[in-house]
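Here, each number is a calculation from the coordinates, and none is a lab measurement. Fair warning: this is a prediction, and the values are worked out from it, not measured in the lab. Here Cβ is always computed from backbone atoms with ideal geometry, including for glycine, and neighbour counts include all displayed protein chains.
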Amino acid sequence: MSAFIVLGAQWGDEGKGKMTDYLAESADVVVRYQGGNNAGHTVEVGDKQYKLHLIPSGVLYDNKLNIIGNGVVVDPKAFFDEIEYLESLGVNITREKLVVSDRAHIILPYHKTLDVLKEKARGKNDIGTTGKGIGPCYTDKFERSGIRVCDFIKPEVFKEKLKANIELKNEYIVKVLGGEALNFEEVYEEYSKYAERLKIFVEDTSVRVYDEIKKDKKVLFEGAQGMLLDIDYGTYPYVTSSNTTAGGVSNGVGIGPTMITNAIGIAKAYTTRVGKGPFPTELIDETGDWIREKGHEYGVTTGRSRRCGWLDLVILKTTARVSGLTSFAVTKIDTLAGLDKIKICVGYKFEDKVIDYFPASLEDLAKCEPIYEEFDGWDDSVAEARSYDELPDNAKIYLKRIEDFTGIKVSIVSVGPRRDQTIMVSDI
Ligand code: GDP
Ligand code: IMO
Ligand code: MG
């Protein structure tokens, strides 16, 4: 049995898309289990670049099954736009290759309207969401008024549920948030066309994933976002609305945790964050700007510039614990090449103690001062390395510090965005 989780160990954008695509070569099935098209996963193969949001990153292979699990929130418009985009790049999408859970929740236009208007109403306390309707859709799921894929594809059920929802949402949108009412007929007409097209992709994916694992197929669970955007363990309220940690897989796919064999944390060699919220090792200086430019740190989904800072091992240790990591894949060590000195945070000074875990309270976190160790840098030749031995010695020392601090081995090192710029250090 082999079922691997690939998850973000920081605030997202660690290179999950690249690593999922790389690992998918030896897998049979790739499954998304949470989030939605707020994600932006980049995959580079040869000179071609693909930007995926909702569709699993195994889709670039012809012979892999890709599954959108029940824990994902599905924007049907975004789903078909992404299929069209992929087809325009020569990627073939068939029912054999892509299935969607009948229990996933549907993102409707009022979710997007609410996302944007609520952010506006929060004023200076806004979260900096992607505006894709993610939070409002998950709110409806937990409030028990959401529309699931199985309801969406039954025209009469969809009509009734949509009508009831739009009436209530319009009250809130117009009277509380000062927005414009949505027109039921227009939404129904447009979305029932998507529903008709979606039907063929729908399946009970819990049964499918279980069967595939039992048949000894290799299954990869592709996380979206990252540890510190988790609704429970992230920097609440500056988080997304799903469980991005390993625990999210079991609920988001519908299989027991005992079926999952490995969890690989994808960690960028430094730290980035998009949107608002605390970031202890943030560099608001020339070095931060240098990293942003060298690493092309601009969002795939919103185009916003990403905040950049030093690697924070307190975060990686927390991820290792919360998600039970079995190894790390460290990406973008080529981006740091050229810096004379590189820092790593190895603890926080908090009041009169030193801590190595991430505090819950943002007020406490604001009092934490990162404690740094300084390392000698390496040069751009790192991007040419294709084995561990070919890595510069200083890069090896850097990677070793990650392993020693977290107690988790670094099994994969990524030295560039392309599939072939990946070093398998040890078995995952
Ligand atoms: P994801 O959301 O975790 O899939 O990550 P994103 O795709 O949002 O951002 C990661 C960016 O870094 C993408 O542009 C990738 O092509 C790129 N990338 C991934 N790994 C590496 C690497 O090792 N080196 C460099 N230079 N770029 C990388
Ligand atoms: P990938 O999968 C980085 C951030 C947003 C915002 C917060 C809440 O590409 O790593 P949401 O729209 O989810 O309600 O926004 O979460 N965010 C991400 N940041 N990478 C992502 O995905 C993200 N998805 C959401 O910027 O701060
Ligand atoms: Mg991303």
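The lysines within cross-link reach of LYS118, meaning a Cα-to-Cα straight distance under 25 Å and a gap of 8 or more places when in the same chain, are LYS77, LYS132, LYS141, LYS161, LYS163, LYS169, LYS175, LYS276. Based on the Cβ-Cβ distance from LYS120 to LYS217, what FRET efficiency comes out when R0 is 60 Å, to the nearest 0.05? The computed FRET efficiency comes out at 0.85. Entry note, the chain: relative contact order of 20 percent, from Cα contacts under 8 Å with a spacing of 6+ residues. Here the chain carries DSSP beta bridges of which approximately 40% are antiparallel, counting only pairs with both residues inside.
Relative contact order for segment 1-99: 26 percent, from Cα pairs under 8 Å spaced at least 6 residues apart, divided by residue count. Rounded to the nearest 10 degrees, the inclination of helix 184-198 to the longest alpha-carbon principal axis of the chain is 70 degrees. Averaging Cα coordinates gives a centre for segment 144-200 and one for segment 379-428; these two points are 48 Å apart. Between the helical axis of 393-406 and the longest alpha-carbon principal axis of the chain there is an angle of about 60 degrees. Computed from phi, the 3J(HN,Hα) profile of segment 284-296 under the Karplus parametrisation 6.51, -1.76, 1.60 (θ = phi - 60°) reads 9, 7, 5, 5, x, 5, 4, 4, 4, 6, 5, x, 6 Hz, with x in place of Gly and Pro. Listed by chain and number, the lysines whose alpha-carbon sits under 21 Å from that of LYS317, ignoring those within fewer than 8 places in the same chain, are LYS16, LYS268, LYS332, LYS343, LYS349, LYS353, LYS367, LYS396, LYS400, LYS409. Comparing LYS77, LYS112, LYS175, which has the greatest mean-square fluctuation in the GNM of the chain with Cα pairs linked when under 10 Å apart? Its mean-square fluctuation being the largest, the pick is LYS175. Sorting TRP310, TRP290, TRP11 by the number of Cβ atoms found within 10 Å of their own Cβ, with the fewest placed first, yields TRP290, TRP310, TRP11.
When the Gaussian network model of the chain links Cα atoms closer than 10 Å, the mean-square fluctuations of GLY324, GLY303, GLY135 top out at GLY303. With helices as the sole contributors, the chain gives -9500 deg cm²/dmol at 222 nm; each DSSP H run of n ≥ 4 counts as -39500 (n - 2.57), and the sum is divided by every residue. Reducing segment 209-236 and segment 1-55 to their Cα centroids gives an inter-centroid distance of 11 Å. DSSP assigns beta bridges within segment 1-128; of those with both partners inside it, close to 35 percent run antiparallel. Cβ crowding within 10 Å, taken as a proxy for footprinting-reagent exposure, orders LEU54, LEU198, LEU168 from fewest neighbours to most as LEU168, LEU198, LEU54. Among SER2, SER327, sorting on how many other beta-carbon atoms sit within 10 Å of each Cβ, with the fewest leading, yields SER2, SER327.
Set the Förster radius R0 to 45 Å, insert the Cβ-Cβ distance between ARG95 and TYR236 as r into 1/(1 + (r/R0)^6), and round the FRET efficiency to 0.05.
That pair, ARG95 with TYR236, gives E of 0.70.
Our note on the geometry: Cα centres of segment 317-343 and segment 249-274, 15 Å apart.
Largest mean-square fluctuation among LYS317, LYS409, LYS120, in a Gaussian network model of the chain whose springs join Cα atoms under 10 Å apart, belongs to LYS120. The relative contact order of segment 124-199 comes to 26 percent, based on Cα pairs under 8 Å that sit 6 or more residues apart.
Specify the angular offset, from 0 to 90 degrees and rounded to the nearest 10, of the alpha carbon long axis of helix 313-322 from the longest principal axis of the alpha carbons in the chain. So the helix axis and the longest Cα principal axis differ by about 50 degrees.
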